Amino acid sequence: MFLVLLIVIPLIAGIVAIASQSAAIAKIVGLVASLATLGVLLNVLCIPNGSEALAYSKLWIGSLGANFSLLLDGPGKIATLLTAVSFPIIFIASWNNGYKYGHQFWGLMLLAMAGLMGVFLANDMLLFYFFWELALIPTYFLCSIWGGEKRIQVSFKFFIYTFVGSVLMLIGIISLYGKTPDASFSWKSFTQVALTAKEQLFYFWLFFVAFAIKMPIFPLHTWQPDAYEQSPTTVTMVLSGIMVKMGLFAVIRWLFPIFPEASSQMAGIVITLSIIGVIYASLIAIRQDDIKRLIAYSSIAHIGIMAAALFTKNNMGYEGAVIQMFSHGINIIGLWIVVDYIEHQTGVRKMSELGGLAQKAPNLTILFIVLAFANVSLPLTNAFIGEFLMFNGIFQYSVCAAVVACLSIILGAVYTLGLAQKTFYGEPKSLAAIKSDAPLNVIVALSLIVVMIIAFGVYPKPLFNLIGLVTGAN
Amino acid sequence: MLLSLFTDWAFLLEKLTLVVAVVSIGLVVAMYSTWAERKVAGALQDRPGPNRAGWFGLLQPFADAIKLFSKEDIIPSKSNKILFVLGPGLAMLAAVMTSAVIPWGDKIVIAGREITLQVSDLDLGVLYVFAVVAMGVYGVMIGGWASNNKFSLLAAIRGASQNISYELAMGLSLIALLFLTGTLSLKGIVVGQQENGWNILYQPLGFLLFLVCAFAECNRTPFDLPEAENELNFGYHQEYSSMKLGFYLFAEYINMFMSSVLMATLYFGGYDIPFFNEAASTLNPTILGLLGFGALMTKTVLFILFFMWVRWTIPRFRYDQLMDLGWKKLLPLALINMLITAVVVLVKEYGWPW
Amino acid sequence: MPINYYIFLAIILFCIGVTGVLTRRNAIIIFMCIELMLNSVNLLLVAFSKMHHARALAAGAANTTAGIEAQLFVFFIMVVAAAEVAVGLAIIVMMYRNTHSVDINFLNRLKN
Amino acid sequence: MNLIIISALSGVVMMFSGLFVKNNRTISYIATALIIFLSLATMCELGAKSWFNIPQAEAMLRTSVYGKLIGVILTIATTFYFVLSGKDIERVGKHVADYYALMFFVLAGAGILLSFQNLLMLFLGVEILTIPLFILTGAQKQNLKSNEASLKYFLMGAFSTGIMLMGIVLIYGAMGSFDLSVIGKKAQFATPIHGANLMGLLLLLASMAFKVSAAPFHFWTPDVYDGAPTVFTSFMATIVKVAAVVAFIRLFEGSMEPFHTSKWQILVSILIACTLLVGNITAVFQQSVKRMLAYSSISQAGYMLFAVFAFNAFGKEGITIYGLSYSLATIGIFSVLSKMQDITFDGFNGLARQYPGIAFALTVFVLSLAGIPLTGGFLGKFYMISAGAASNSSYTWLFILAILCAAVSVYYYFRIIQAMYFKERVSDTPVFEVPVSKAFPILLIVVAALIILIGINPQILLQYLYF
Amino acid sequence: MMYLLDALSTPAQYLPIAIQFAFGVLFVAGMIAISHFLGPKRNTSDKLDTFESGIEQIGNARQPMAIKYFLVAILFVLFDVEVIFFYPYALNFKSLGWEGFAAVCMFVTFFFAGFFYIYKKGALKWED
């Protein structure tokens, strides 16, 4: 029952927020609802993995054999935790951002949250697809209404990309559904589908493309920098912090169990693509002048490594990727918060026009530096744990790949530190002068993140506990 | 089976003779109707009427025919040539064709061969008559339209809408009759009347309706709107001359003749001789057949005279009155007549249903 | 007469109708061609009715009503055709009053 | 039977109410009352027997639970249509009562199509359905476009009727009966298939494809839908189309056994593929929303045809969901469209700012048409394609095509959303020709909520299929 | 009902009618041809012009007429077809009995309803 609450609370809060017609009320509703969700989730997380209480099922569309069935497993716990933690932080950080038609903005954010929660919880293919789209649509509206100048084209591109992806997945779902032994959409019957090797390959790609677009993996990533850049930064936080994890999560939850052979067979290709993407994105990130685009590309690089690690299909890589899902999520949200603040204060996003922010905003600078360290995965930050495990995993799979992938750490350091240096140090540019240090809400939000970075960097055991021992789970 | 009939020369000859005879009778009656019309008009208006050509002017129709033949044949330059010729042709053709299903008499015997005095006894004779009569409307309509003259067109449209309006009531009034007879064959209807008495006894209202409609169908006064000289110059055939005009005029008189025959057949026993039981008669069938034919012609001539009498007695309707009569009075009346007849017949047959 | 004659006749009439509809440009003529199609169908129906009736009789069924429904069908086709005539002619007249033409080649106001 | 008889009588009542009631508003109220009564009557029939027990009619009309359910769907959609578009119907012309009467007659025709057992009834149903539509299409007598559309519709409709009749006659010639079950039984033993029967079936297929405007028999649709008064386009594109599709299924289902081979599926798959491609690709290039919806309705027919492809329970369930959600969504969009000044995409600019309620409802409608999850439209499409997959999974290309077409359709449907939400209004002209009432957005939202309800829990509909 | 099937007409019965038709066509065509050749031919343009009582002709006769006439034609088509329905009934009327009569009464009611409708609608009103 608690699982249903995780979805229902943000959903109802979203509707209430839109109906309230007032941005102030909507904001409060949003914060309360997201905190409530977090509370419920924390309560749930105390239940050990595999317990009966972590599943919920109810007949939904009888004639189709679709159930409203939810399940919270290890990766799901991490992902839902990420969602539940991020949203309050995002709300706090964006508290002062005045949006036109604010009630709609906050309402749609909450709806997106409901969708994300649903994706991470769904244990029924049709239900999963429903939430997959439910998460997409509010985001599309958020980007298109409150985005930058080119928002309409860009968000439409984003939408079409992901929609085509999900449509391919839909083809796969429908044809697999026809082959299920008991004509049902449940996870279990999908994993029991008997497929020849060739069929498995075919369906694997149908599903994988959908997930790859969402992540995004190298040749399918072109929507991402544009979308991140043009979206309002609050939305970008959701997009890059949580939404990309949908792809990774889906790979773990659906792709591997349904197509075990095909995913092993195709691992080489996927890992190659991911690592090409990693290097490519890192190189481009170095050349970026726009902060938002820089962080966007850095996100592609990180995700690439996670995807590669997942496909190595060994425990180390898997655990690393799952941990990194959480770490990368909160880290990048932190970075976006900083960017958002800078953009709001100065109206500028170009590094060449910025500089010397540290003089006016020391608190912000300190917090940012921690975030930057986390982004380059220095030891003692949470990202280090994940990256270490992931590289280990990749190394076990292929030394060559690991070596190339490790380049990304160096490249990451180059662009992240370059960002820190160009933005916070040096001479203040007259055009983009910052007035004062960050306000309380930004500091609070960033501090929360920083605390988590360090806490999990030093003591990651709770996270590992959440995942549970997954030896041979996939 | 059909092909074998083509080789049955006696049959073909018999039918051909009958056809020629029937058509000629129609033509002759129509010709003399024009004479009779003028004579009746003269009598009613207290003047002699035609009396120069022949005895009592009996050759007058021939004089008229020769005149029409030798007139110049004008086809107006603005008209649609083909349709202009087709119009009167159709009108005449329709008039000639009607007589095919009329039983002119019972039968006669010539050289041992029994000849039915009917061109063909279709078992949907009544429908055939309706179909052919409806063709006449095309003649009027096509002629009026092809003339490319506003008066002609107006007259033709008037004529057409008048004809079709009254056709409705006519058809409905006949249905009550069919309840009694149970057949559409005209021969069957006559035979039925010989057994059960004339239909006029059972269907006075139906007959009245039919009569009125027949007047309208023939464009006779008081329904001669399509030819109302004072409104429309001369009507739908005002551009016509020579025999084409003759055809229109002729077709009208033939139609009058045919409606008279039809009324006699449907309601007045056809070739049945009143107060005379043909079935029990011991007369020579040939004589009997000829007597029957005589009886039919007598009834017909009476009707024709009635037509003429009405023409010189009743003034013309206004167009809206005409349409009102047709649609708002005759049509419901015919329906009610039909229902009442049905109820009466059913009660007689089965008793009350409750 | 063999049933084939009727079938051939009806099919030929039908094809003439279809050809007319597809090639002629005058709305009235198209309409007449459609009526021709309907009437060829009527003809065929009656022919088939007789055929099935005769077959049923030949098969030994006494007093059968086989084939009756086809002739009833004809009545319905006639009625519907009449309704179509009423509506269709009204439409054509309306068109003619507005454009003074019944040529369907001029019907291109909707193209763009 | 309830649907047929009551709607026909309602039509007569409407005709006469036009003679005695002079106030258009009152006429609308009468019509609404009648349609509500009608939909209640059809609902009552769902569980119980019909109010009109005519055993003699069994040979002609045999109502199944499925037909009854579709009848309920049609009447409900019509109810919403009357409520939403009543004012627009009043603006079309003087003869408001007659328009309503004609629509009731259309419903009667639809009722016949849902339950015909005899090909005679198929013919009659189709004609009763289409002839009033000819008139409705040409209702704006002074508008040349309306005239033209009506003439085209008439000529094409009558032509397809001729084709259909020829098909029926040929089947009769081969089978000796018009009764679907008799034909079906006889056809089982008639192998190889009789030439006349085959020809007849093909002609019937063509004419039915014509009626549901499936490509390549679709060419009349855009012009007619575009030219007809917008309110009536809405009616034609929804209720009529659904009824025609159901008739399509009913005609070929079960009774055409020898045809149910792979050949049949090849034919229908080509039909579906053409329909989807033509509908979607042409719709992309349209500037007028009305015309876009016309083309999109072609493509929607393509999805519904999957039921004809499959002939299984899925297909039937799918049609119920698809029919209701598609009808409601289209009726909703058209009810807004027919009130608007400018029916190009630009006319929607900035609508969300002035009328957030209407914009929200429109968004739901558009999402439903595009087949985005959570709306009935998604489940409809999902069911249809599943039906195809369940019946013959070797047609993967067709399912992929169908789903890709759905993705393409997102492009043009979302232009409405983009215009409403993301673009600013440039001109000062008001969005609507006539002021919209306060209740209008609320009604729209109710309709939208219904669509979402079907999308989330289709059981509320489907449960009636399985008593 | 049986009437439809047991109709006695055979194609042979139509042969005489065909003969009469052929005769009629020949007669009509012959008469027209004869009169055409017999009459004088002195065509002048005035003579071939449309005659409108000597008044100069304005416009063409090919123009839309009053819609009333057209309406009558349409109504005729509709009502005539309804009347046609009575014919088969009339022939089988006795065998159908009261039940058939009830059905026909229903039909007549609709007939009257339609009639009343057009009447009230003013389709039969000739004076504007």
Report task. Using Cα pairs closer than 8 Å and at least 6 residues apart in sequence, work out the relative contact order for the stretch A:5-87, in percent. Result -> 25
Query - Most mobile listed residue (B:GLY182, B:GLY89, B:GLY235) in chain B, GNM with C-alpha springs under 10 Å - result: B:GLY182
Query - Cα centroid separation - the stretch A:233-299 against the stretch D:143-199, whole Å - result: 57
**Report entry** Along principal axes, Cα extents of the stretch C:3-106, largest first, whole Å
**Finding:** 61, 24, 10
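How many Cβ atoms of partner chains, on average, are near each residue of B:10-21 if near means within 10 Å of its Cβ? Each step should come with its number before you reach the end.
Values: counts 0, 3, 3, 0, 1, 6, 5, 0, 3, 8, 4, 0.
Mean partner-chain Cβ count within 10 Å for B:10-21: 3.
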**Report entry** Peptide B:67-77, shielding by other chains (average Cβ, 10 Å cutoff)
**Finding:** 5
Requested in this report: Output the peptides D:101-113, B:211-223, A:177-189, A:411-423 sorted from most to least packed, where packing is the average of other Cβ atoms within 10 Å over each peptide's residues.
Outcome: D:101-113, B:211-223, A:411-423, A:177-189
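Assigning unit charges at the beta carbon (Lys, Arg +1; Asp, Glu -1) and nothing else, what dipole magnitude in debye, to the nearest 20, does the stretch D:14-163 show about its Cα centre? Write out the running numbers ahead of the final one.
Working: 11 positive and 7 negative charges, 68 e Å.
Result for the stretch D:14-163 is approximately 320 debye, rounded to the nearest 20.
Which is the longest run of chain C containing none of the trypsin sites (Lys or Arg not before Pro) found in DSSP loop states (not H, G, I, E, B) with at most 13 other C-beta atoms within 10 Å? List each step's numbers first, then the result.
On the way: sites that count: C:ARG25, C:LYS111.
That would be C:26-110.
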Report summary line: At the level of C-alpha centres, the distance separating the stretch B:45-86 and the stretch E:60-128, in angstrom, is 40
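Shielding of E:38-50 by partners, i.e. mean partner chain Cβ atoms within 10 Å per residue?
Numbers: counts 9, 10, 4, 3, 2, 4, 0, 1, 0, 5, 7, 4, 12.
Mean inter-chain Cβ contacts per residue within 10 Å come to 5.
Quick check on the protein assembly as shown: helices-only [θ] at 222 nm, where DSSP H runs of length 4 and up contribute -39,500 (n - 2.57) each and the sum goes over total residues. Nearest 500, please. Walk me through the numbers before you get to the answer.
On the way: 63 runs with 1097 residues, N = 1535.
So the calculated ellipticity at 222 nm is -24000 deg cm²/dmol.
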Report task. Select from D:SER181, B:VAL96, D:ILE331 the residue farthest towards the positive end of the dipole of the protein assembly as shown; place +1 on Cβ of Lys and Arg, -1 on Cβ of Asp and Glu, and compute about the Cα centre. Result -> D:ILE331
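Of the heavy-atom accessible surface of the stretch D:261-467 (probe 1.4 angstrom), what whole percent is carbon and sulfur?
Numbers: 4140 of 6220 Å².
Using a 1.4 Å probe with all protein chains present, the stretch D:261-467 comes out at 67 percent carbon and sulfur.
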**Report entry** Hits among aspartates and glutamates - C-alpha to C-alpha of A:LYS198 under 19 Å, sequence gap 8 or more where chains match
**Finding:** A:GLU261
Query raised in the report: Dipole of the stretch A:293-447 (Lys/Arg Cβ +1, Asp/Glu Cβ -1, origin at the Cα centre): which of A:LEU446, A:ALA308, A:TYR425 lies farthest to the positive side?
Result: A:TYR425
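For the stretch D:132-256, what relative contact order do you get, as a whole percent, if you take Cα pairs closer than 8 Å and at least 6 residues apart?
Details: 139 pairs, mean separation 43.3, N = 125.
Relative contact order here is 35 percent.
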**Report entry** Highest-fluctuation residue, C:MET32, C:MET94, C:MET51 considered, GNM on chain C with Cα pairs under 10 Å
**Finding:** C:MET94
Query raised in the report: Once both labels are modelled 7 Å past Cα along the beta-carbon direction, what's the A:VAL444-B:PHE62 spacing in nm?
Result: 12.9
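In a shell of Cβ-Cβ distance under 12 Å around C:ALA27, excluding C:ALA27 itself, what net charge do Lys and Arg (+1) and Asp and Glu (-1) give?
Working: positive: C:ARG24, C:ARG25, D:LYS152; negative: C:ASP103, D:GLU148.
In short, +1.
Taking the Cα centre as origin and putting +1 on Lys and Arg beta-carbons and -1 on Asp and Glu beta-carbons, what dipole magnitude results for chain A, to the nearest 20 debye? Could the numbers behind the result be given before it?
Working: 24 positive and 19 negative charges, 74 e Å.
I would put it at about 360 debye.
I need the Kirkwood Rh of chain A: take the reciprocal of the average 1/r across all distinct C-alpha pairs and report it in angstrom. It would help to have the intermediate numbers written out before the result.
Values: mean 1/r = 0.0452 Å⁻¹.
Result for chain A stands at 22.1 Å.
How charged is the neighbourhood of B:PHE306? Take every other residue with its Cβ under 11 Å from the Cβ of B:PHE306, and add Lys/Arg as +1 and Asp/Glu as -1.
On the way: positive: B:ARG220, B:LYS299, B:ARG311; negative: none.
Taking every other residue near B:PHE306 into account, the sum is +3.
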Query raised in the report: What whole number of Å gives the distance from the Cα centroid of the stretch D:46-71 to the Cα centroid of the stretch B:331-351?
Result: 34
Query raised in the report: Computed on alpha carbon atoms, what radius of gyration and Dmax characterise the protein assembly as shown, expressed in Å?
Result: 42.5, 144
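Please state the charge dipole magnitude for chain D, taken about the Cα centre, from unit charges on C-beta atoms (+1 on K and R, -1 on D and E), reported in debye and rounded to the nearest 20.
Working: 27 positive and 18 negative charges, 55 e Å.
Dipole about the Cα centre, nearest 20: 260 debye.
What number does chain E give for Rg over Rh if you use C-alpha atoms and the Kirkwood radius?
Numbers: Rg = 24.9 Å, Rh = 21.2 Å.
Checking Rg against Rh, the ratio lands at 1.18.
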Query raised in the report: Over chain D, what per residue volume does the convex hull of the Cα atoms give, in whole Å³?
Result: 128
Query raised in the report: Taking only Cα atoms, what is the 0 to 90° angle, nearest 10, from helix C:3-23's long axis to the longest principal axis of chain C?
Result: 10
Query raised in the report: Straight-line reach from D:LYS263: which lysines have a Cα under 27 Å away, not including same-chain ones fewer than 8 places off?
Result: A:LYS179, D:LYS185, D:LYS186, D:LYS211, D:LYS241, D:LYS316, D:LYS381
Query raised in the report: Along the charge dipole of the stretch D:261-467, Cβ charges K/R +1 and D/E -1, which of D:ILE460, D:THR363, D:ILE416 sits furthest on the positive end?
Result: D:ILE460
Requested in this report: Please list, or write none, the lysines whose alpha carbon is within less than 27 Å of the alpha carbon of B:LYS150, excluding same-chain residues fewer than 8 places away.
Outcome: B:LYS71, B:LYS78, B:LYS81, B:LYS244, D:LYS141, E:LYS41, E:LYS47, E:LYS68, E:LYS125
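Residues with beta-carbon under 13 Å from that of E:PRO16, excluding E:PRO16: net charge, scoring Lys, Arg +1 and Asp, Glu -1?
Local net charge: -2.
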Report task. Could you grab the relative contact order for chain D? Cα pairs under 8 Å, six or more apart, rounded to a whole percent. Result -> 15
**Report entry** Å³ per residue enclosed by the Cα convex hull of the stretch A:1-152
**Finding:** 114
Report task. Could you tell me how many degrees, from 0 to 90 and to the nearest 10, lie between the Cα long axis of helix D:439-456 and the main elongation axis, the longest principal axis, of the Cα atoms of chain D? Result -> 40
Report summary line: For chain A, the longest principal axis of the Cα atoms and the Cα long axis of helix A:315-346 enclose an angle in degrees, to the nearest 10, of 30
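The values are calculated or read from the model by the stated rules, or taken from the named source; none is laboratory data. Keep in mind it's a predicted model, so treat the numbers as computed, not measured. With ideal geometry, Cβ positions are generated from the backbone for all residues, glycine too; neighbour counts draw on all protein chains shown. Accessible surface is based on the protein model in full, side chains and every heavy atom, while ligands, DNA and RNA are left aside. Shrake-Rupley method; radii C 1.70, N 1.55, O 1.52, S 1.80 Å.
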